[in-house]
Amino acid sequence: MTDLSKAMIKADKAKAKAAKDMKKAAVSLREWFRAAREAGLLHPNSLEGRDQRLTLAKDLDEYAIFAEDQLANAMERLKS
């Protein structure tokens, strides 16, 4: 039982770290878009800029879903 609780604590820490990393990535993306826009590389209302933002946001979202699934699968393997 203690092994299971240790594994659950470890999984929770991994999930928290993944969430923290995702937040850092989102902040970095915002800073990159702001710098690109200020440099004149992206117009704030351009379709190109919008498409890039949507693509990156979708990639981040898919990674978050993948990471959550991996954690859930690991937890289920530990329980069985």
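Look at the alpha carbon pairs under 8 Å that are at least 6 residues apart: their mean separation over the length of the chain gives a relative contact order of 49 percent. The helix-based estimate of mean residue ellipticity at 222 nm for the chain, built from -39,500 (n - 2.57) per DSSP H run of four or more residues and divided by its residue count, is -32000 deg cm²/dmol to the nearest 500. Restricting to lysines 8 or more places apart or on different chains, can you count the pairs in the chain with Cα atoms under 29 Å from each other? Lysine pairs meeting both conditions in the chain amount to 25. Express in % the proportion of alpha carbon pairs of the chain at distances exceeding 22 Å. So the pairs more than 22 Å apart make up 44 percent of the total in the chain.
Taking the charge dipole of region 2-79 about its Cα centre, with +1 at Lys and Arg Cβ atoms and -1 at Asp and Glu Cβ atoms, the residue from Ala25, Ala72, Met8 reaching farthest to the positive side is Met8.
Rule-based calculations on the coordinates, nothing more; no lab input. Only a predicted model underlies this, so the values are computations on that prediction, with no experimental measurement involved. Every residue, glycine as well, gets a Cβ built from its backbone with ideal geometry; the counts of neighbours run over all protein chains shown.
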